[in-house]
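Below is one structure, written out as structure tokens; the observations come after it.
Read-outs throughout are calculated quantities, based only on the coordinates presented, and are distinct from any laboratory measurement. Since the structure is predicted, the reported quantities are computational estimates derived from the model, not experimental observations. Using ideal geometry, Cβ is built from the backbone for each residue, glycine included, and neighbour counts are taken over all protein chains shown.
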Amino acid sequence: MTTDAIVQAQDVWRQFGRHEALRGLNLEVPRGSAYALIGANGAGKTTTIKVLMNLIGPTRGTATVMGVDSRQLPPEILAQIGYVSESQVLPGRLSVGEYIEYLRPFYPSWDRELEAAIRSRMQLPPERKISELSHGMRLSLGLTCALPYRPTLLVLDEPFSGLDPLVREEFMEGLLPLIGDLTLFIASQELDEIENVATHVGFLHAGRMLLEEPLDHLTDRLREVRVTLEQPAVVPDGMPKVWVQPRAFGNVLSFVDTRFSEEDLGERLRLLLGPVRAIDTQSMPLNSVFKTLARAARDGAMP
Amino acid sequence: MNPSLSWHIFRKDWRLMWPLAVATALLQVVITAVIRHSEPFPLPEAKSIIASLLTLGLAISMTLLILLTIQQEAIPSINQDWLTRPVKRRDLLLGKLFTLALLIHGPIVVVDILHGLAEGFAPGSVIHATLVSNFEIALCYSLPVMAVASMTRSVVEAIIFGLVILVVGVSVGFVASSTGGTGLKWIWRSVAHGELLLVTMAALWWQYTRRSRDGTQQARALFAVGVLAFTLIQLLPWEPAFFIQRSLAANPQASRQIAVEVVQGASYPTRQLLAGVDAPDRGNVRIVVPLRFSAFSADTLIHGDRTSVRLVGSDGVVVFSGVGRVFDVPSDGDGWPMGPPGTVGQAVDIPADVYKKISEQPLRLELGYYATLLRRQLITRMALNETRRIPGFGWCATRNKISVIDIGCRTAGALPFCISVTAGTAPEAFQCELNYEPVPLRFSVDPIDHWEVKIPTLPRAELAPIEFAFRVYEPEDHFFREVVVPRIRLRDLSP
């Protein structure tokens, strides 16, 4: 554990009846990072966030946010956290304007000018009741209300489902930079949206953190490799475990190298596969990284 | 705590709940308009029915208002927006208490005060009675409903939880209270109310001072056990209640000289003036033990609150153990049929099958008398068809109807629990709801208390000069006496 982590989880377990949603989760979000928590549906992303936000308590283990046990988060800490969730229940009978007006006094650092800037970009009708807003507009409202007090930590749980692409882009690229020093912790399936801002990635599978590292490290070490052979390709026995998802088609063998290093690559391939006509390596977008990891985790072949 | 944030939360709740709050307040105004008395007699039946229906509507409306207000920020739910906002739970609790005070009790206080003033009562007594009444409503209704609301996520869940608790409480409540129907009933009731207040506040504190929602199950269990205990407290034994009552006596020496004896061979009438006349239960045989009480002064009355009865056979085996019927012994015999002063027949109902077995046997009779000495005081005399405001007492009137004479009184606060009227030569007419609670603590849930009695109309010749003497009875002392009769035969005591 590092001391500059803004969020940490140590061996966190959470059970719902007999179902174990989190099974010894370990997590560390460096201060100032943009941490993308990725994982398949049911991996435990929302449960992780609910534990961190003290919406539910861990069955075992400890989670800390800004150095404070998540079960004891005082209002002073919560005043520095922005939280938006896809399933957040807002007070439907308040109008947009009334709701924002209601929230203001709770945050000593609320910036009215920033609020005005955000509202003008999000284009929310102030008189409309929250219950009359679409799902996407409600998320927009949640996002709008999570920023004017310049949170130190912004926690987003699937914030983009139902949001139109313009608003997503506006939020990620137009509004987030206005906040200043910010740690972003985001769980989302919209990987293309977060790839541009994410600095760290945590891959959650079946309640466990299988991988957690800076995104540039990850994209450096995960490469899609296409090898064109002199003879028809077959997936050889004894392939290194770090080469996953091998596919043979014609003379081409492709796989994902999860410990990519250019050093001796040609030699290693020739020793294993025989004469090689060409080697092509490509870095992978986050979306492909996720799919590779998810398949490997599903097949029990996580390198 | 930050009262300004609590006020901010209240203003938000008002913005959301004002239609229901205004409807609830209007309902109170309408009910008050219906029940406002232009004379101190009971309302006509039609008005009473309308008032009852409106009151039911008011109870529903108030319950909804409390539930919806509290559940704006439901504590047990995990999806609520406010949970991740920097809202201090104590500020939230204070905000909700503001709502309770201003939207529920505020209108009640205003309407009740205006009602009391409109009926002509003194402002001081009206305000005092209204505040005491509201305290009771908060204790027994608003705060418990608020606690239930804080432990549930929706109105439906709250109603189900509330009904379960109510059904359990009422079921247990069917078990007879040891002090029920006696002047001592206020003792265990007060203890139970104190316990309910503690449990309600503990449940609210538990819910509003912990950020984790995982404690709601414990809070529900605590509250359910507390409500059960509230009911069970009524079953606490008689003896400690009587001990407490004796220690609070207004004049602890007043009964010191009073003696009681069984007058074998005599026959005295049973007499139940304060608690109403009762007949023996089916399947029981009534025996009447002739008693004589001595050494109690004029203008007093002895009320037998409870009599323990044991019948012991010649072999020392207890063949019957139970309680006798309540009775009253006035200090003089004036106006009462038969019997020399200080005498009364103590009724004891014995199961018929037991009686059949032992009625001819020689038995030892052991009686334990828990009794109260009440002092009678003349309040005023009024003529027929007169209405008068009696200082320190109330607004009273008499009127002649076709077959009865109606006599009624109203006051802001609580009237004496036992009032009698004597009209001409007719027997003293009592209307009592026994309650020995010390006067400063005595109150009525309804801020305006009322009392009425009907007596048969008198011959025309007697009506014109008739005077109605209003008297009240207040407890002066409480005492216990034991009487043992070494040898009796039940058949001799059967009327």
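Values computed for the structure shown
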quantity: Label zone at A:Asp4 (point 7 Å along Cα-to-Cβ), backbone N below 20 Å, region A:45-66; calculated: A:64-66
quantity: Averaged over A:101-108, number of beta-carbon atoms from partner chains that fall within 10 Å; calculated: 5
quantity: Surface/4 estimate of mean projected area, convex hull on alpha-carbon atoms of region B:287-402, nm²; calculated: 11.4
quantity: Peptide-level mean, for B:74-83, of C-beta atoms on other protein chains within 10 Å; calculated: 5
quantity: In Hz, Karplus ³J(HN,Hα) per residue of region B:61-75 (6.51, -1.76, 1.60; θ = phi - 60°; x = Gly, Pro); calculated: 4, 5, 4, 4, 4, 5, 4, 5, 5, 5, 7, 4, 10, 4, 6
quantity: In degrees, nearest ten, helix B:155-173 long axis to first principal axis of chain B (Cα); calculated: 10
quantity: Rounded to 10°, Cα long-axis angle of helix A:112-122 versus longest principal axis of chain A; calculated: 60
quantity: For region B:1-86, alpha-carbon Rg and Dmax in angstrom; calculated: 18.4, 58
quantity: Cα convex hull of chain B, projected area averaged across orientations, nm²; calculated: 27.5
quantity: C-alpha long axis of helix B:185-209 to longest principal axis of chain B, angle in °; calculated: 10
quantity: Region A:163-266: trypsin sites (Lys or Arg not before Pro) in DSSP loop, at most 14 other beta carbons within 10 Å; calculated: A:Lys241, A:Arg259
quantity: Mean ellipticity per residue at 222 nm, deg cm²/dmol - from DSSP H runs of n ≥ 4 across chain A, formula -39500 (n - 2.57); calculated: -7500 deg cm²/dmol
quantity: For region A:1-142, diffusion coefficient by Stokes-Einstein and Kirkwood Rh (Cα), 25 °C, 0.890 mPa s, µm²/s; calculated: 144
quantity: Taking the C-alpha atoms of the protein assembly as shown, convex hull volume expressed per residue in Å³; calculated: 237
quantity: Sparsely packed trypsin sites (Lys or Arg not before Pro) within region B:266-335, loop by DSSP, other Cβ within 10 Å at most 11; calculated: B:Arg282
quantity: Expected 222 nm ellipticity per residue - DSSP helices of 4 or more, -39500 (n - 2.57), all of chain B, to 500; calculated: -12500 deg cm²/dmol
quantity: Loop-located GluC sites (Glu not before Pro) in region A:93-145 whose Cβ has at most 16 other Cβ within 10 Å (DSSP); calculated: A:Glu127
quantity: Alpha carbon centroid spacing (whole Å) that separates region B:278-332 from region B:364-401; calculated: 25
quantity: Shielding by other protein chains, A:86-94, mean Cβ within 10 Å; calculated: 4
quantity: Diffusion constant of region A:225-303 at 20 °C, which comes from Stokes-Einstein with the Kirkwood Cα-pair radius and 1.002 mPa s, µm²/s; calculated: 165
quantity: Pair-distance profile P(r), taking every C-alpha pair of region B:159-297, with 5 angstrom steps and integer %; calculated: 2, 8, 11, 13, 14, 13, 11, 8, 7, 5, 4, 3, 2, 1, 0, 0
quantity: Separation of alpha-carbon centers, region A:233-250 and region B:124-188, rounded to whole Å; calculated: 75
